[in-house]
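*Asks:* After the structure tokens below, expect a handful of questions from me.
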Protein chains: 4
Amino acid sequence: MKIGILTSGGDCPGLNAVIRAVVLKGTTTYNIEFVGIRDGWRGVVDGDFFPLTRHEVRGLSKVGGTILGTSRTNPYEGPRGGAENIKATLYAHHIDGIIAIGGEGTLAAANRLYNDGINVMGVPKTIDNDLRATDYSFGFDTAVNIATEAMDRLRTTGDSHKRCMVAEVMGRHVGWIALHSGIAAGAHVICIPEVPMSIDEITAQVQKAHDRGRAPLVVVSEGFTLTGMDEAYSDKGLDAFNRPRLGGISEILAPEIERITGIETRATVLGHIQRGGSPSAFDRVLATRLGLHAADVVAEEAWGQMVSLKGTDIVRVPFEDALGELNTVPLYRYEEAAALFG
Amino acid sequence: MKIGILTSGGDCPGLNAVIRAVVLKGTTTYNIEFVGIRDGWRGVVDGDFFPLTRHEVRGLSKVGGTILGTSRTNPYEGPRGGAENIKATLYAHHIDGIIAIGGEGTLAAANRLYNDGINVMGVPKTIDNDLRATDYSFGFDTAVNIATEAMDRLRTTGDSHKRCMVAEVMGRHVGWIALHSGIAAGAHVICIPEVPMSIDEITAQVQKAHDRGRAPLVVVSEGFTLTGMDEAYSDKGLDAFNRPRLGGISEILAPEIERITGIETRATVLGHIQRGGSPSAFDRVLATRLGLHAADVVAEEAWGQMVSLKGTDIVRVPFEDALGELNTVPLYRYEEAAALFG
Amino acid sequence: MKIGILTSGGDCPGLNAVIRAVVLKGTTTYNIEFVGIRDGWRGVVDGDFFPLTRHEVRGLSKVGGTILGTSRTNPYEGPRGGAENIKATLYAHHIDGIIAIGGEGTLAAANRLYNDGINVMGVPKTIDNDLRATDYSFGFDTAVNIATEAMDRLRTTGDSHKRCMVAEVMGRHVGWIALHSGIAAGAHVICIPEVPMSIDEITAQVQKAHDRGRAPLVVVSEGFTLTGMDEAYSDKGLDAFNRPRLGGISEILAPEIERITGIETRATVLGHIQRGGSPSAFDRVLATRLGLHAADVVAEEAWGQMVSLKGTDIVRVPFEDALGELNTVPLYRYEEAAALFG
Amino acid sequence: MKIGILTSGGDCPGLNAVIRAVVLKGTTTYNIEFVGIRDGWRGVVDGDFFPLTRHEVRGLSKVGGTILGTSRTNPYEGPRGGAENIKATLYAHHIDGIIAIGGEGTLAAANRLYNDGINVMGVPKTIDNDLRATDYSFGFDTAVNIATEAMDRLRTTGDSHKRCMVAEVMGRHVGWIALHSGIAAGAHVICIPEVPMSIDEITAQVQKAHDRGRAPLVVVSEGFTLTGMDEAYSDKGLDAFNRPRLGGISEILAPEIERITGIETRATVLGHIQRGGSPSAFDRVLATRLGLHAADVVAEEAWGQMVSLKGTDIVRVPFEDALGELNTVPLYRYEEAAALFG
């Protein structure tokens, strides 16, 4: 049996730990042969494979990023894409099945390929924690730790200068990183995509913290929507060079907070540092366990499923059950935390 | 309503985050008044209380240890101990109930007091993760991160010198810290209390890793039992000064491994560094959520229960369901990981 | 003898360690009484003082920021400023002298006050390492560590996606943080204020690294000047909201690199996280030693000087020798590192 | 020109950064060919060499340990050792000179070989900072950071339980790690080899800290001598299994402190975690600069010297000037710190 492994979408701490676990268990327990697929679906389409033995995965549990490379290629696009072409490519390379490690988009493509007759199974990967079918995904814990540590640092500056600090974290559609890092760092306002707020609601909380003698900390997801700012938003897309703005919502929030409250306010966009580097122990264990179970799934040829975390157990979920709605922050979780801001 | 809070048993990262969350929510949402109880049950028995307002809990989510102090005092012992004395003491101080943050022993005492008519509720605390009624307890994730980081360091020394490194971690009765940190660090042997092994089984795995060109890493829980070493163990209690040995099982293992395999072997006992210092983000979030829910329990006067983590939810568990058997590592979890050692 | 201590300018890891060491040594060895001055020169002008005993400085060696607060107030400005007013204020509070912990601007003000007859001594503080009269100042090592760790993380993302990553670090006038963190993280291009470069020089190095199969890492000081971009710069001041841009030079560099080389490029502005949080051990030791020696200077009433690091020794430097030219990166240090980019 | 590189003695964070810098500068600037020598002098004696190109040193600045391996072999011992044999071996492999990265012993051997006509230059390596001819050596800063962070953790446990914590750090002959980490962590007693003390002197300081309401922190170098304990020491060599004790001086100190003061006391031996893992930014920069200058020395064929740090400059020191007395902690540095313990 010969199996290809790919990683697709944004990189995420723990990808290499999954790859290592799959290969270690697959080769020693099931005698499976593995190939690495370069750069996600791009490598499937292009037939870009290389042998992946236990030697190649040595020491990988703690290494960030992915040794396989990644891309955002759609396997159904391009002259060599589509299920029939891919079947032919896999057949030509004697590849019996694919382990696809990726997020919503990757798993949707995997499901479509599975329905088109290709042997695929999935491992969920989302640093934002936005997949419904798993309690947590690897990478999220690392991102929350990095964001929390950064905010611990920002707070000392805020306290020394009596400033309001605004920290912008990842989360285009869901606010999990903001919620957890905000709770962990003792934020006074947490702004997430699921709960749009007006600038007045935000500054009211900022002012309240300031009045208690605190240097306010505002945590904001990149995908947060500030209500009542339509006009401002219409201009948001371009900077003074007429190029897309690299900055984010925090760069709109910070000057508004300062203007309204009179409290000196500074924004920090944490950006890419949240997704790189060595995974936390939690993420290494989770990624490794998912990889071990993925090897079992492959050995059983139980295609069309992904492995996932439920409580403390690794379970299997059919692709169709895993896709669809995102795992947004439920209101009760947001309100639970709101008691801290009182 | 006036409530006392105590922390009891060994210290644990996240204790202060629980205290902060209880006080923040309790004061702002429920208008409860809090007092800190000094040094666990000792402070209950001695009536050693102090006011605990939101001012005292500022910035505590990231602070290790416990501002309340802790001890291993049994509330039923001593001239001022026992349910009737304690009732009188609480009554004299107008204290309506107690939040007890602690492990198996603390919660057992809390349950007995509750059955004797005292208002007590519990928050589970165990760095070893040995309580059945919660998926995880705060402190465990921090300990696993510290142990993993230490092992990452040990491995570079092992690799440079082609040595076998033995790392001894906490875990008197259960092997969770060893299992998780061992998986995370890519250990070649994991020795836990739940799975006694002979020195020959251990050295066989050490030799196998060495033969593959690896510097073997052995992780061992302090409570691991080496089988077939009765005679050696009988002497174990005393060192050359006729005082109890501070060293641990790793100091027996390392020279045995070296003697049998001929591979230079070094032991490191991680010891107290695993339980101190700033909690991980995971532990801060978990501790904070437990504290928030503890405030709800108190407000509802739902005594005789503890709060706990089930999946991603905080739930309530009656004391009697929480006590009894320890949360040991199930065999399937150990065997799951064993595939990595192949 | 009664001495006031102030911290002025941007906050910096190690300020609290200086304060602690001054107070510990001053009180126990010299029986000096200390007062904290709130918010830098602002507190001097306003007479905003509070008692500072060894109790207040407990445990401060590891705490980031400054418990005294800080500001950028000029002591010669405002109705209560100026040497004569300040003399009167100090006299009224029985304060015999001031320890001013700050950078170029703070020390220049301290020198002027000293020349106007006020007892002042200085402790150099510059996170950018831009003061000539000290080999290193506390805070710099912490900032370099934080920047290096962030770049270690950025590199795994760059490698996984085959991207060029641009990291913008502090350094308005000098490039020390960029130079040291760039060397430490293995950067392929280091852009510092002392060495203006054209976009073509930068992209040539980026391309060379890319051609060797590396994901290029570009480190740029916030004060770096890109030559031949006058037109672009003229627009730089404002964003689409007609407010000062919060983003920096990296947000100009990244799209230009991508446009010219065709390599996907991402910018990260590390910003405020570089100056907050717990100091590194190096900075704690340096700050503590400077504080201990500052207590000696005060006890000897050797005013008009600052303490500084020369090699491994703490020495004293008259204010006038310490001011003037900045400590820029000498060309030979930049060229030394350039051999790494080959 | 073909040059061999070796690392000898205990491993140390920064070794790989030296190797990388030598190879990068040597190949690109001077067109030198490099070979790696396996396991220190052992590889010289055995002719165990392998090609070392810039490809092999990629990404090494942040990697702990040494890719060359290390040993404590003496090049003048064994049937293939001695200057004449080594000359023949180097000649047979067309190796023109050796870069020896190591401590006192390694450099002494290098000097002897140089005097016997072999082209050798040195790079100082000592995690203990015990070499006279360099202000600091790489590895020391990392070790101090690790020890400091560990003590930060120990302190929260000490505070929670009102215990005295004893931390044992590296330093067989010199107390630099204990001095710097002790200052950084705010220790109440620092015990170093240069300053023998009696148990009564130690417990007096412990008691004083305890009386001020502090949980005493005692830092002790492994090579510290407790005076007046001759009888106890005579037994010290063996444990209850009649094997050399792995524990250290802290395991003698802790029970004595507890016995005399009545304060519960716990010992932690930090051990091997101090020397492994990723180097701090300071050590990466220092190691890289030493490596860059070593390449210059080799290109100039300026044999018989080592590179070293003086102030902020890298300089060259003849072997004979570098050897001999160790760089002990001078008394004024110890007394400087003692003001903190008052």
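The values are calculated or read from the model by the stated rules, or taken from the named source; none is laboratory data. Owing to the predicted nature of the structure, the values given are computational and were not obtained by experimental measurement. Note that each Cβ is placed from the backbone with ideal geometry, even for glycine, and that neighbours are counted across all protein chains shown. The protein model used for the area step is the full one, side chains on, heavy atoms only, and it has no ligands, DNA or RNA in it. Shrake-Rupley method; radii C 1.70, N 1.55, O 1.52, S 1.80 Å.
*Asks:* Pick from D:11, D:39, D:116: which is most flexible by mean-square fluctuation in a GNM of chain D where alpha carbon atoms under 10 Å apart are linked?
*Replies:* D:116
*Asks:* OK, next. Size of the dipole of chain D about the Cα centre, Lys and Arg at +1 and Asp and Glu at -1 on the beta carbon, nothing else charged, in debye to 20?
*Replies:* For this selection, approximately 980 debye.
*Asks:* How tilted is helix A:199-211 with respect to the longest principal axis of chain A? Cα atoms for both, answer in degrees (0 to 90, nearest 10).
*Replies:* The two axes meet at around 70 degrees.
*Asks:* First select every other residue whose beta carbon is under 13 angstrom from the beta carbon of residue D:308; then total the charges, Lys and Arg +1, Asp and Glu -1.
*Replies:* +2
*Asks:* A further question follows. Using only Cα atoms and rounding to the nearest 10 degrees, what angle (0 to 90) does helix A:15-30 make with the longest principal axis of chain A?
*Replies:* It is inclined by approximately 30 degrees.
*Asks:* Okay, moving on. Taking 7 Å along the Cα-to-C-beta vector as the label spot, tell me the residue C:338-residue B:2 distance in nanometres, rounded to one decimal.
*Replies:* 7.5
*Asks:* Then there's this: Taking springs between alpha-carbon atoms closer than 10 angstrom, which of B:323, B:52, B:331 fluctuates most in the Gaussian network model of chain B?
*Replies:* Maximum fluctuation in the GNM of chain B, among the listed residues, is at B:331.
*Asks:* Have a look at B:226, B:156, B:179 and report the one farthest towards the positive end of the charge dipole of the range B:140-274, computed about the Cα centre with Cβ charges (Lys/Arg +1, Asp/Glu -1).
*Replies:* Result: B:156.
*Asks:* When chain D is turned about an axis onto chain A, which of its residues keeps its C-beta closest to that axis, and how many Å is it?
*Replies:* Nearest-to-axis residue on chain D, with distance in whole Å, is D:278, 4.
*Asks:* Here's something else I'd like to know. I'd like the interface area for chains C and D: accessible area of each alone minus the complex, both sides summed, 1.4 Å probe, protein heavy atoms only. What is it in Å² to the nearest 100?
*Replies:* 3800
*Asks:* Same structure again: I'd like the antiparallel share, as a percent to the nearest 5, of DSSP beta bridges with both residues in the range A:140-274.
*Replies:* Taking every DSSP beta bridge with both residues in the range A:140-274, the antiparallel ones total about 5 percent.
*Asks:* In nm, one decimal, shortest first: how far is the label point of residue C:302 (7 Å from Cα along Cα to beta carbon) from the matching points in the other copies?
*Replies:* 3.5, 6.7, 7.6
*Asks:* Size of the dipole of the range A:56-128 about the Cα centre, Lys and Arg at +1 and Asp and Glu at -1 on the beta carbon, nothing else charged, in debye to 20?
*Replies:* 200
*Asks:* Same structure, new question: To the nearest 10 degrees, how steeply does helix B:281-299 sit against the main Cα axis of chain B, on a 0 to 90 scale?
*Replies:* The angle comes out near 30 degrees.
*Asks:* Could you tell me the distance between the Cα centroids of the range C:103-117 and the range B:76-124, to the nearest Å?
*Replies:* The range C:103-117 and the range B:76-124 have Cα centres separated by 61 Å.
*Asks:* Another one. Once you put a point 7 Å from the Cα of residue D:77 and another 7 Å from the Cα of residue D:320, both along the Cβ direction, what distance in nm separates them?
*Replies:* Going by the 7 Å Cα→Cβ label model, 2.7 nm.
*Asks:* Also: Local charge sum around residue C:137 (other residues, Cβ-Cβ under 10 Å, Lys/Arg +1, Asp/Glu -1)?
*Replies:* Combined, the nearby Lys, Arg, Asp and Glu give -4.
*Asks:* In addition: Calculate the mean, over all residues of peptide C:171-180, of how many other protein chain Cβ atoms lie within 10 angstrom of the residue's Cβ.
*Replies:* Partner Cβ neighbours, averaged per residue: 1.
*Asks:* Rounded to the nearest 0.05, what FRET efficiency do residue C:29 and residue A:264 have when you use their Cβ-Cβ distance and R0 = 25 Å?
*Replies:* Here the calculated transfer efficiency is 0.05.
*Asks:* While we're looking at this one, here's another question. Ignore the peptide's own chain and count Cβ atoms of other chains within 10 Å of each Cβ in A:262-274; give me the average, rounded.
*Replies:* Going residue by residue through A:262-274 and averaging, the value is 5.
*Asks:* Kindly give the distances from residue D:225 to its copy-mates, label point to label point, with each label point 7 Å from Cα along Cα→Cβ, as nm values to one decimal ordered shortest first.
*Replies:* The projected label point of residue D:225 is separated from its counterparts by 4.6, 6.1, 7.6 nm.
*Asks:* Also, I was wondering about something else. Please work out whether the protein assembly as shown counts as rounded, prolate or oblate from its C-alpha gyration tensor, where a ≥ b ≥ c are the square roots of the eigenvalues and a/c under 1.5 means rounded, while otherwise a/b larger than b/c means prolate and anything else oblate?
*Replies:* It is rounded, given that a/c, with a ≥ b ≥ c, falls under 1.5.
*Asks:* Over chain A, what is the percentage of antiparallel beta bridges among all DSSP beta bridges, to the nearest 5?
*Replies:* 25
*Asks:* Working out 0.36 nm times the residue gap between residue C:211 and residue C:331, then minus their Cα-Cα distance, what length gain in nm do you get to one decimal?
*Replies:* Taking 0.36 nm per residue and subtracting the Cα distance, the gain is 40.5 nm.
*Asks:* Which of the peptides C:99-107, C:253-261 is most tightly packed, and how do the rest follow, judged by the mean count of other Cβ atoms within 10 Å per residue?
*Replies:* Output ranking for C:99-107, C:253-261: C:99-107, C:253-261.
*Asks:* Quick one: among B:111, B:327, B:85, which has the greatest mean-square fluctuation in a GNM of chain B with alpha-carbon springs under 10 angstrom?
*Replies:* Its mean-square fluctuation being the largest, the pick is B:85.
*Asks:* Based solely on its DSSP helices, what 222 nm [θ] is calculated for the protein assembly as shown when runs of n ≥ 4 H residues each add -39,500 (n - 2.57) and the sum is averaged over all residues, nearest 500 deg cm²/dmol?
*Replies:* So the helix-based figure for the protein assembly as shown works out to -12500 deg cm²/dmol.
*Asks:* Tell me, what is the percent relative contact order of chain B, built from C-alpha pairs under 8 Å that lie six or more residues apart?
*Replies:* Once normalised by length, the contact order is 23 percent.
*Asks:* Using a Förster distance of 30 Å, how high is the FRET efficiency between residue C:88 and residue C:302, based on the Cβ-Cβ distance and rounded to 0.05?
*Replies:* Using R0 = 30 Å, I get an efficiency of 0.80.
*Asks:* How do the peptides A:279-288, C:69-78 rank, highest first, by the average count of neighbouring beta carbon atoms within 10 Å per residue?
*Replies:* A:279-288, C:69-78
*Asks:* Keeping all protein chains in place and using 1.4 angstrom, which order do B:250, D:278 fall into by accessible surface area, from largest down?
*Replies:* Result, largest first: D:278, B:250.
*Asks:* Shielding by partners for A:140-153, please: the mean number of other protein chain Cβ atoms within 10 Å of each residue's Cβ.
*Replies:* The shielding value for this peptide is 6.
*Asks:* Something else now. Taking a label point 7 Å out from Cα toward Cβ, give me the nm distances from residue C:87 to the same spot in the other copies, shortest first, one decimal.
*Replies:* Sorted ascending, the copy-to-copy spacings read 7.5, 7.9, 9.7 nm.
*Asks:* Additional query: Taking the Cα centre of the range C:140-274 as origin and charging only Cβ (+1 Lys, Arg; -1 Asp, Glu), how large is the dipole, in debye to the nearest 20?
*Replies:* Roughly 340 debye, rounded to the nearest 20.
*Asks:* Could I ask something else about it? What distance in nm separates the two pseudo spin-label positions at residue A:225 and residue B:115, each 7 Å out from Cα along the beta-carbon direction?
*Replies:* Spacing of the two 7 Å Cα→Cβ label points: 5.6 nm.
*Asks:* Of all DSSP beta bridges located in the protein assembly as shown, what percent are antiparallel, nearest 5?
*Replies:* Restricted to the protein assembly as shown, the bridges split so that about 25 percent are antiparallel.
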